[in-house]
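Below is one structure, written out as structure tokens; comments come after it.
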């Protein structure tokens, strides 16, 4: 079975500061890992994904995440926050070879202040 | 390519009424999912279809929720009768394959249901 824990339901940063959103996963089989972003009143948009190739994954809008098997983590980072990054971010896991069932974390709401 | 289409965007109903949501996936996507997202929580899978067959409906409250995907294309999710705790955003998603999880999903914009 798979599960995801996102540490911190709310994160607040200043514009230009580093963004770090934490995600830890649990999986009995090799996982695929995803970060999605959700803007108000919209669906979820894929930011990036780890599918067992490079452990450092680059996504859209300057975001990246690093898969660390020893720490069972997949934290999302961005060097410099923009006001437009304010949104809710969800980490998700699915099982390689499984039925493509995405399990989501509870989400982290990112606020960006001028 | 066109995205996942959902309607309506918003719906307000009284408890014990019925409601239906519609979803049209991306053309060629065999797998379709319905998720429920309660305010402040992550999305929770309700039901997963492969073509017109159900793969997983273990989290679907079958006493009041039903879903179908006739002809393996668009899908309808119904709630009858609705309860206050059904207030949520209902997200539809589709993906290319059933057994390869590397692609992730494409989500629609969702239907926000408010039960009063």
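Here are the numbers for the structure shown:
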| read-out | value |
| --- | --- |
| Of all residues making up the range A:51-73, the number that are closer than 18 Å to residue A:6 by Cα and surrounded by fewer than 20 Cβ atoms within 10 Å (Cβ to Cβ) | 8 |
| Residue among A:76, A:21, A:47 that is buried (at least 19 other Cβ atoms within 10 Å of the Cβ), in contact (Cβ under 8 Å) with a residue 24 or more places away in the chain, in a strand (DSSP E or B) and within 11 Å of another protein chain (Cβ to nearest Cβ) | A:47 |
| Residue within the range B:18-40 that is more than 14 Å from every other protein chain (Cβ to nearest Cβ), modelled with pLDDT of 90 or more and not in a strand (DSSP E or B) present | yes |
| Residues satisfying the stated conditions in the range A:96-114, i.e. more than 11 Å from the chain's Cα centre (by Cα), touching a residue at least 40 places away in the same chain (Cβ under 8 Å) and buried (at least 20 other Cβ atoms within 10 Å of the Cβ) | A:102, A:103, A:110 |
| Some residue of the range B:58-78 being within 9 Å of chain A (Cβ to nearest Cβ), out of contact with any strand residue (DSSP E or B) (no Cβ under 9 Å at 6 or more places or on another chain) and closer than 25 Å to residue A:3 by Cβ | no |
| In the range B:52-84, the residues that are in contact (Cβ under 8 Å) with a residue 24 or more places away in the chain and either in contact with a helix residue (DSSP H, G or I) (Cβ under 7 Å, 6 or more places away or on another chain) or not in a loop (DSSP other than H, G, I, E, B) (or both) | B:55, B:67, B:72, B:75, B:76, B:77, B:78, B:79, B:84 |
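The values are calculated or read from the model by the stated rules, or taken from the named source; none is laboratory data. As the structure is a prediction and not an experimental result, all values here were calculated from the model. Cβ sites come from the backbone with ideal geometry, for glycine too, and all protein chains shown count toward neighbours.
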